[in-house]
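Asker: Below: one structure in structure tokens.
Readers should treat all values here as calculations from the given coordinates under stated rules, not as data from a laboratory. None of the values given here were measured: they were computed from a predicted structure. Here the Cβ is made from the backbone with ideal geometry for all residues, glycine too, and neighbour counts use every protein chain on show.
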Amino acid sequence: MLTRLKGGKIYDPTRGLAGTVGDIYMRDGWIVAAPAAGTRIDQDIDVTGRVVMAGAIDMHTHIGGGKVNIARNMLPEDHRGDPVYHTELCRAGCGHVAPSTLTTGYRYAAMGYTACFEPAMLPTNARQAHLEMGDTPIVDKGAYAMLGSDDFLLRMMRDGADQQRINDYVAWTICSTQALGLKVVNPGGISEFKFNGRKLDLDQENSHYHVTPRQIVHTLARSLHELKVPHPLHVHASNLGVPGNFQTTLDTMVGAEGYPIHLTHIQFHSYGTEGDRKFSSQAALIAEAINRQKNVSADVGQIMFGQTVTASGDSMSQHRNAAYGSPRKSVVMDIECDAGCGVVPFKYKDKNFVNALQWAIGLEIFLLVDDPWRIFLTTDHPNGAPFTSYPHLIRLLMDKSFRRDALAQIHPDAATMSTLGSIDREYTLNDIAIMTRSAPAKILGLTDCGHLAPGARADVVVYREDANPEVMFTAPEYVFKNGTVVARDGEIVAVMWGDVHAVKPQFDRAIEKPLADYFERHLTQRLGNFRISDDEVRGLTNGGELRVHACQRDGSPT
Amino acid sequence: MTTAPLIDQACPFCGLACDDLVLQGGPDLAVRAGGGACPRATRLYAQVGATLQDADARAWIAGAPVPVETAVQEAARLLGRAQAPLFGGLSTDVHGMRSLVALADRCGAVLDHMNADGKLRNLRTVQDAGWITTTLSEVRNRADVVVCFGSDVRTRFPRFFERCVWVDEPMFAPQAEEREVIFIGAPPGVELPRSPAGRMPQVIDIPAGRLPEAAAMLRGLIGGSLPAGTATDLPLEALRAVAARLHAARYGVVVWVAADMDWPHAELCVQSLTAAIGVLNQTTRAAGLPLGGSDGDFSADAVMLWQTGYPYRSSLATGTARYEPVMNATAALLARDEIDFMLWTGSFDPERRPPDPGRAALVALTCVGTPLLPDAAVQIQIATPGVDAAGYFFRADKVVALPLRPMIDRQLPSVAQLASRWLTGLGVAAC
Ligand code: SF4
Ligand SMILES: [Zn+2]
């Protein structure tokens, strides 16, 4: 079937289109070139005056895996306020801070998102993450496997294993867990916490293995570069949330020594210690460092005021943060000589000085980083806020008077300490299209999403332009997934199952020999049961495909 | 399917899901001698994995053998006219549970697991204050002190000590013989496990019914202040020594089995333990290990949580999920005569049988080895995940989900197959 979207204003930054009026053609789930004159158009939709973009991509959202289920378990009181009723098409569930997987898929799709990436898949919990992502409808999925506090890597590094062997292990982990990328969380720190350490600075040695976070970040960033995995190392840096941690963040950027790295939820890592309360914004320094170092990208992890839940692999930080939880409860776990996790509900309040400044810091970073191709729109769902707050966040970025009004509402001392009021920049629709479509596709190595050129998946969103971007981005007029209309005006009209995205870096199978031995001697499951095969992951997608992306990276470290 | 020995198959017969067994396939499924299994696994593989002859009945209506298809249709008819259905038992794997939740969503059923009472003791603690816990491999490699509270552990988790405590080469903890194992209030008369060299664990006896006080006392001792009015007839000095030992430990682990804490408000006892662990973590490391997962309870729970957002004991009767853990207990629903239909699933243990259904029509999906149930309107023998069905099983620590592979073929339907048949009968496609 050939479908034409006629006469829309196309924002496709991948091809340099910023509001260019034109037609989009879709056939059998893919974008195709304009057909020869006279070809029969089966479905012709007039979108004159509408804004047309590719489906949005959330490159960092905690949608599946053990810690999300822990959050669900802990917070029935939050879910009660947002019941989701089944319809002819859709399953029942619930929403708000840790929605059911079904609701997650429907709501993302209704908002114009067609791909979501789980950023913290513990290798030992990978099967659960894929099971949950498999039950998340409509959107495409993928995940970054987490290493960096796992005993196998730390043993290798302690024993001076050469980079090639480490690359084999990294590639084996990515392949065995069906991951699209690799993340490191509080490098070495989750392990350190198991040895009763409460802090691990960038150049502090893990007390058991005597390797430092700096070495771990460098080793893993280099590994991905040499394996040509498109997505750079996804780094949740040391000292999350600690006042004064901006220096660690700056040092981590430098520590990558030119290898590409992506710093995640950087808002939580941009804190100074100035002022009476010893808590201040260092967003300007951080933004300036990103502007200068082209090997660095970041997502923001914007906070929004209200109830949410923080779910992180960083057990060390979450144990510390548990004291600030609201409601006051927390789950912290040490996990399988592999990683850890911590889940702490939070209520961010605009009249709370720290929360208010966190909010301002996130926005400062958005507005002070010049290049929208290297800064990504996230709330670190649900850590900063549930993903459903994105339209509001987009308005804050696009509308400076709205932003100033919001700034006037927050704790006055925080407002005073922030430079936000003096920043005039307003994001354009094209900027938004870059940071939610083209740039995530580029940084993840997805050549067939995030743009509207022939050969892309027909994931297309049609918006009614509105003076209020929050209205515009909440309920697009049409959302197409694989060429099918799945949502109209915020309502799900068809349910389908998205694909799983993965990469398969090459490695020497000989690494499985020491690994199998390690599993048998030290762990409580066998290597053969840990590994997830291609067929297995296909069996979890409810009919979606496994899309394997090429491992290629250009150039040498900058 | 095969007569060659099968290796690396996860055992689904308790929450430990040991995957180091050596099994012998077809026609009977059996644990090969010396293949790592415990007596429970040996017995259950033999019972649940027994051969069926072609002539053996696989389904019954009101106690009379019928072809499976006839039973499936009768069950569909009963479900179709049900006004207030309950899906109980829920002893199945991830795939089975996914299909049951999908079916429950369509027909407005309540979902409750056979082990929910035990689970609730822990859940109330998590929902009230949270906790710090650990997983099997961490215990294996790190625990220098293991305190087992209110349980001998081994009855329900036969290979726990073998696999997680008395191991040859822990990466960080002392060697097996140096590890300290302390039992507080183990059930009387149960033989407690000895170390490989025959060393007895330390045992602190607590009189029957006094475990909650002992837990509160331990919590007080660890926190440095005993609650006022502390009983004087409990072994205070021995508990004081345990508190000191846990403070001095590098990685103390407190194990409890909620299924064994069968008294009213046992969650308060769990809370005493988790609060004590919280205090220990201010200065050293310690973690709880609330063992569960047997009868697929963590598998069912995980699916409930991700598909509906709530634990089991939730109802889908109003078109959305409502979590009411007291109201939706099977026994309470039956006592109030509030259900007219019960679909009961028991995949792993022939000893676990449905309760008296009262006036509700009972459709029982039972594993091989389960006797004919006199109360069942329909009874269908089902394939067991890890024996003759594929599936996934969440282990005792809720982190590791192991694949369960079919090893023999007895032409029995899986829960997922049956549920999707019924779902199709209701005119909708599966999730
Ligand atoms: S301990 Fe449990 S999982 Fe292990 S073999 Fe025995 S019954 Fe099976
Ligand atoms: Zn995150």
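Asker: Of the residues B:Val139, B:Val94, only one is surrounded by 22 or more Cβ atoms within 10 Å (Cβ to Cβ), in contact with a Leu (Cβ under 7 Å, 6 or more places away or on another chain), over 28 Å from A:Gly539 (Cβ atoms) and within 11 Å of chain A (Cβ to nearest Cβ); which?
Answerer: B:Val139
Asker: Just the residues that are within 28 Å of B:Met171 (Cβ to Cβ) and surrounded by 24 or more Cβ atoms within 10 Å (Cβ to Cβ), please, taken from the stretch A:224-239.
Answerer: Within the stretch A:224-239, A:Leu224, A:Leu233, A:His234, A:Val235, A:His236, A:Ala237, A:Ser238, A:Asn239 meet the criteria.
Asker: For A:Leu17, indicate whether it is buried (at least 19 other Cβ atoms within 10 Å of the Cβ), within 14 Å of another protein chain (Cβ to nearest Cβ) and among the aliphatic types (A, V, I, L, M).
Answerer: no
Asker: Out of B:Met97, B:Met114, which single residue is within 17 Å of the chain's Cα centre (by Cα) and part of a helix (DSSP H, G or I)?
Answerer: Criteria check complete, one pass: B:Met97.
Asker: Still on this structure, I have one more. Going through A:Ala256, A:Ala237 one at a time, which residue ends up being more than 16 Å from ligand 2 (Cβ to nearest atom), within 30 Å of A:Ser418 (Cβ to Cβ) and more than 14 Å from chain B (Cβ to nearest Cβ)?
Answerer: A:Ala256
Asker: Any idea which of (1) farther than 19 Å from B:Phe160 by Cα; (2) assigned to a strand (DSSP E or B); (3) free of Cβ contacts under 8 Å to residues at least 40 places away in the same chain is the one B:Trp60 doesn't satisfy?
Answerer: Of (1) farther than 19 Å from B:Phe160 by Cα; (2) assigned to a strand (DSSP E or B); (3) free of Cβ contacts under 8 Å to residues at least 40 places away in the same chain, only one is false for B:Trp60: (3).
Asker: Something else now. Please tell me if B:Leu6 is closer than 26 Å to A:Gly528 by Cβ and without any contact (Cβ under 8 Å) to a residue 24 or more places away in the chain. Outline the logic, then answer.
Answerer: Working: closer than 26 Å to A:Gly528 by Cβ: yes; without any contact (Cβ under 8 Å) to a residue 24 or more places away in the chain: no.
Criteria not met by B:Leu6.
Asker: If you check A:Arg91, A:Arg27, A:Arg80, A:Arg50, which single one turns out to be more than 30 Å from A:Tyr427 (Cβ to Cβ), of a type in the set (Lys, Arg), over 24 Å from the mean Cα position of the chain (by Cα) and more than 14 Å from every other protein chain (Cβ to nearest Cβ)? Walk me through how you get there before you give the answer.
Answerer: Numbers: A:Arg91 fails: more than 14 Å from every other protein chain (Cβ to nearest Cβ); A:Arg80 fails: more than 14 Å from every other protein chain (Cβ to nearest Cβ); A:Arg50 fails: more than 30 Å from A:Tyr427 (Cβ to Cβ).
Only one candidate qualifies: A:Arg27.
Asker: Which of the residues that make up the stretch A:173-208 are assigned to a loop (DSSP other than H, G, I, E, B), touching a strand residue (DSSP E or B) at 6+ places or on another chain (Cβ under 8 Å), of a type in the set (S, T, N, Q) and free of Cβ contacts under 8 Å to residues at least 60 places away in the same chain?
Answerer: A:Asn196 - this is the single residue of the stretch A:173-208 that is assigned to a loop (DSSP other than H, G, I, E, B), touching a strand residue (DSSP E or B) at 6+ places or on another chain (Cβ under 8 Å), of a type in the set (S, T, N, Q) and free of Cβ contacts under 8 Å to residues at least 60 places away in the same chain.
Asker: Counting only residues that are outside any loop (DSSP other than H, G, I, E, B) and in contact with a Gly (Cβ under 7 Å, 6 or more places away or on another chain), which one in the stretch B:11-29 is nearest to ligand 1 (Cβ to nearest atom)?
Answerer: First, the residues of the stretch B:11-29 that are outside any loop (DSSP other than H, G, I, E, B): B:21-24.
Okay, now just the ones that are also in contact with a Gly (Cβ under 7 Å, 6 or more places away or on another chain), so B:21-23.
Working: B:Leu21: 6, B:Val22: 11, B:Leu23: 11 Å.
Residue satisfying both the conditions and the ranking: B:Leu21.
Asker: Which condition number does A:Ile394 fail, the rest of (1) away from ligand 2 (no atom under 16 Å from the Cβ); (2) part of a strand (DSSP E or B); (3) hydrophobic (A, V, I, L, M, F, W, C) being met?
Answerer: Going through the list (1) away from ligand 2 (no atom under 16 Å from the Cβ); (2) part of a strand (DSSP E or B); (3) hydrophobic (A, V, I, L, M, F, W, C), A:Ile394 breaks only (2).
Asker: Something else: Test each condition in (1) over 30 Å from A:His62 (Cα atoms); (2) within 14 Å of another protein chain (Cβ to nearest Cβ) for B:Gly319 and report the one that comes out false.
Answerer: The single condition B:Gly319 does not satisfy is (1).
Asker: Taking the stretch A:343-381 as the search range and keeping residues that are assigned to a strand (DSSP E or B) and surrounded by fewer than 22 Cβ atoms within 10 Å (Cβ to Cβ), which one is farthest from the other protein chains (Cβ to nearest Cβ)?
Answerer: A:Tyr348
Asker: Which of the residues belonging to the stretch B:155-189 are away from every other protein chain (no Cβ under 14 Å), within 16 Å of ligand 1 (Cβ to nearest atom) and surrounded by fewer than 19 Cβ atoms within 10 Å (Cβ to Cβ)?
Answerer: Selection gives B:Thr155 alone.
Asker: To continue, here is another question. Could you pull out the residue among B:Thr345, B:Thr330, B:Thr308 that is more than 14 Å from chain A (Cβ to nearest Cβ), within 16 Å of B:Leu103 (Cβ to Cβ) and among the hydroxyl-bearing types (Ser, Thr, Tyr)?
Answerer: After ruling out the rest, the residue left standing is B:Thr345.
Asker: With respect to A:His549, determine if the residue is buried (at least 21 other Cβ atoms within 10 Å of the Cβ) and in contact with a Gly (Cβ under 9 Å, 6 or more places away or on another chain).
Answerer: In short, no.
Asker: Applying the selection to the stretch A:413-451, what residues are surrounded by fewer than 23 Cβ atoms within 10 Å (Cβ to Cβ) and at positive phi?
Answerer: A:Gly445
Asker: Residues that are of a type in the set (Ser, Thr, Tyr): find the helices (runs of 4 or more DSSP H) completely inside the stretch A:506-558 holding 1 or more of those.
Answerer: A:512-522
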